[in-house]
Every structure is written in C-alpha cells, then in structure tokens.
Amino acid sequence: MENQIIRKNTREIHIGNRVIGGKNPVLIQSMTNTRTEDIKGTISQIQKLTAAGCEIIRCAVPNMEAAEALEEIKKGITIPLVADIHFDYRLAIAAMEHGADKIRINPGNIGEKKRIQAVINTAKERNIPIRVGVNSGSLEKKLIEKYSGVTAEGIVESALDKVHMIEDMGYDNLVISIKSSDVLMCVKAHELIAKQIDYPLHVGITESGTITSGNIKSAIGLGMILGQGIGDTIRVSLTGDPLEEIKSAKIILRTLGLRKGGIEIVSCPTCGRTQIDLIGLANQVEDMVSDIPLNLKVAVMGCVVNGPGEAKEADIGIAGGIGEGLIIKHGEIYKKVKEEELLEALRYELLHWSE
C-alpha cells in the first residue's frame, strides 16, 4: 500500500482482554468524567463510549470509595479498566485489588521509594501493567533548571528516570505516557523516547482544549507522532463529552490508514450555488451512519453542478438541488428524490448495500 505507515515494533503488553504493542492495532482510549463512586452512572457512560468505539477506559481514583467501586464497575463493562492514581500509593494497591486491569501512576508524586515498591509488588503479584505517566506541567524542578525550562529533553529524561527506577525494582510490565499541551514539544519528546525504549507508548496532547481547538491540536500532534509509526494507544483529550474524543480518534486513525472500517463522510464546504440545508444534512448523515458497520466513503454535496463529479470517488453520495437531490452510486446518478427524503433514501441504500 502506497505511503503506508510502518509502525515501530514495541513489546506486547496485555491489558485485560486486549493486547497492545507488537503488531496489534492502535487502540482508542478515553476517560470517564463521572464520579467513579457513582457506579451506575460510570457504567452507563462506559457502555456508551464502548458502543461508540472506545477500547480502553480510564477512571479517576481520588479516594478509597472510588477504588472499591471498580469491582462493581468491572462487572458492567466489557473493555479494560484503567485506574488513574495520584499521590496515595494505597489507592493504587486498592485499585488493583478491586479489579483494575492497569494502573496509571506518576511515581514522582507517589512519594518515597518504599511506597512505590509496595505498588510494584502488588502489580507483580497480579501481573497488572503500570502506565508511567509524565506531564510537562509536573516536570521536576531539577530538570527545569538543567534544561533552562520545560523541554522535550527534560520530559524524556523524567520518564526514563522513572522507568529505570521501576525496572530496578524488578518490574517491566510497563506502558509509557509523556504528554504536553505544547504540540511540537510533545511531538519531539515522542521522537526522542521512541529511539530509547521498546515499551508501548500511550499518545495524546494533554489539556488540548475545547472541541474546536482540542481537535485541531490533537489531530496535528497525533498525526505527526502516529505518522512516524510511534504510538500504541491514543486519547484525544477534549474539554467536553468523552464521546467526542472517540469520534475524533477514529477519524484520525482512519485518515492515517491505521484503522479500517466505519463510514467516512466527505462533504463540500457550501457556496452560493447551494440550494439545500447542506450543513444540517451533512451533520444528520454523520449521525445517521454511526451505527452502520460498512467500510464505505459517503459524499454529501451541495449542488448538482459539481456534485456528481466530486462524488465519483465515493461509494455513494447525495447532491442537492432546488428542493430535491440526486442519489449517486459508484459515480453514476442512481435516482432523484425530494429534499426531505434524501436522508432516509441514503440510509435505505446503505442498509441494503451490496458490492
């Protein structure tokens, strides 16, 4: 395949019922924004995320009640559950005892080595992978001084220090995460660390922002990193509904050729020739096809001037006219329908699709 991304070969790590690294696909991850102690609400959100395409889910564990809730949450979900721990090593141990498939810690804020060793011992007993996370916002003072500020080199050195410390404690079932809200710094850090380790990397642009700015920053950053074959799991971090993270992650992976399946929507930007509500129609089509398990390209075009021509590269498309539109299949005009019937006519064709 032309321009196919050659992924870096990392070691395989088992997370619950999934495997990352090696030749396994890049998996999509998200994080709940419910209170983890709200077991019913958390399960409900995870189930919705799973239906949307989430493959690994992380929950915050800020207290013992949240750690204990993981046991019941696990019973209601089908994807691996990651516990996000900060500061208190006892929460990490409790999370593993209550069913976490992986834990995320920053050893730098866990405290003295004997506490980290206690976490490692429990993980080792249960063969639970640890995600070692380092963010640019929590970089150690000594490294900021060494590199005269927060830099990619400092982030990498911080992460490697923690990895080596855990390795010295006798454990190497690890996933590494180095994140920054500075996109180019994040890209450089991943390029540097990928040359020095073979652990799987969880990739994301941390604190990237709202739906608009967060999607743009994540698409650029993840595109540059994944495009070099770096990354085994991804999260698009957005200030908003976690379901938006899954939609964006799927589009990023499909655009890079790292994920097949699912319907791809292409639509024109509208112009003065547009005679129908194309913006509303394109959004309706995007929502409508989300539950249709086909690997197709669907074009949504605003006029009959360029519509048929532009839709030729798509498998099926619609081109709007004045109060009506065309259904185009395999580059040929298939039939004409009323504007209000376009969406349903397209859905019918997709549900009865055959090559």
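Key figures for this structure:
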item	result
Qualifying residue in the stretch 67-77 (condition: in a loop (DSSP other than H, G, I, E, B), open to solvent by 20 Å² or more (accessible area, probe 1.4 Å) and of a type in the set (D, E, K, R))	no
Criterion: over 26 Å from Ile246 (Cβ atoms), open to solvent by less than 40 Å² (accessible area, probe 1.4 Å), touching a residue at least 40 places away in the same chain (Cβ under 8 Å) and not hydroxyl-bearing (Ser, Thr, Tyr) - qualifying residue of Ile20, Ile116, Ile110	Ile116
Residue list for the stretch 249-258, filter: on the phi < 0 side of the Ramachandran plot and either of a type in the set (Asp, Glu) or open to solvent by less than 50 Å² (accessible area, probe 1.4 Å) (or both)	Ala249, Ile252, Leu253, Leu256, Leu258
Test result for Ala51, part of a helix (DSSP H, G or I) and farther than 27 Å from Lys247 by Cβ	no
Sole exception among (1) more than 23 Å from Val236 (Cα to Cα); (2) polar (S, T, N, Q); (3) more than 24 Å from the chain's Cα centre (by Cα) for Thr151, by number	(1)
Pairs, first under 16 Å from Ile225 (Cα atoms) in the stretch 246-267, second assigned to a strand (DSSP E or B), C-beta under 7 Å, six or more apart	Ala249/Ile28; Ala249/Ile234; Lys250/Ile28; Arg254/Glu264
Qualifying positions in the stretch 94-122 - of a type in the set (S, T, N, Q) and assigned to a loop (DSSP other than H, G, I, E, B)	Asn106
Number of the condition not met by Ile246 [criteria: (1) in contact with a Leu (Cβ under 8 Å, 6 or more places away or on another chain); (2) farther than 30 Å from Asp287 by Cα; (3) buried (at least 21 other Cβ atoms within 10 Å of the Cβ)]	(2)
Residue check, Val163 open to solvent by less than 20 Å² (accessible area, probe 1.4 Å), outside any loop (DSSP other than H, G, I, E, B) and more than 21 Å from Leu256 (Cβ to Cβ)	yes
Filter pass, Gly325 being assigned to a strand (DSSP E or B) and either at pLDDT 85 or above or surrounded by fewer than 16 Cβ atoms within 10 Å (Cβ to Cβ) (or both)	no
Residue match in the stretch 260-275 (condition: among the aliphatic types (A, V, I, L, M) and either assigned to a helix (DSSP H, G or I) or open to solvent by less than 10 Å² (accessible area, probe 1.4 Å) (or both))	no
Filter result (part of a helix (DSSP H, G or I) and either modelled with pLDDT of 95 or more or surrounded by fewer than 20 Cβ atoms within 10 Å (Cβ to Cβ) (or both)) within the stretch 195-217	Ile211, Thr212, Ser213, Ile216
Cβ-Cβ under 7 Å pairs, at least 6 apart or on other chains, the stretch 207-223 side over 17 Å from Gly137 (Cα atoms), far side open to solvent by 60 Å² or more (accessible area, probe 1.4 Å) and outside any helix (DSSP H, G or I)	Thr210/Thr239; Gly214/Thr239
Pairs where the first residue, in the stretch 317-331, is more than 12 Å from Leu342 (Cβ to Cβ) and the second is open to solvent by less than 10 Å² (accessible area, probe 1.4 Å) and modelled with pLDDT under 80, C-beta under 8 Å, 6+ apart	Gly331/Ala311
Test set (1) modelled with pLDDT of 90 or more; (2) buried (at least 18 other Cβ atoms within 10 Å of the Cβ); (3) under 25 Å from Ile46 (Cα atoms) - Ile230 fails condition number	(3)
Residue tally, condition within 20 Å of Gly262 (Cα to Cα) and either crowded, with 19+ Cβ neighbours inside 10 Å or aromatic (Phe, Trp, Tyr) (or both), over the stretch 328-342	1
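The values are calculated or read from the model by the stated rules, or taken from the named source; none is laboratory data. Because the structure is a prediction, the values reported are computed rather than measured. Positions of Cβ are generated from backbone atoms using ideal geometry, with glycine treated the same way; all protein chains shown enter the neighbour counts. These area figures cover heavy atoms from the full protein model, side chains too; ligands, DNA and RNA do not enter into them. Shrake-Rupley method; radii C 1.70, N 1.55, O 1.52, S 1.80 Å.
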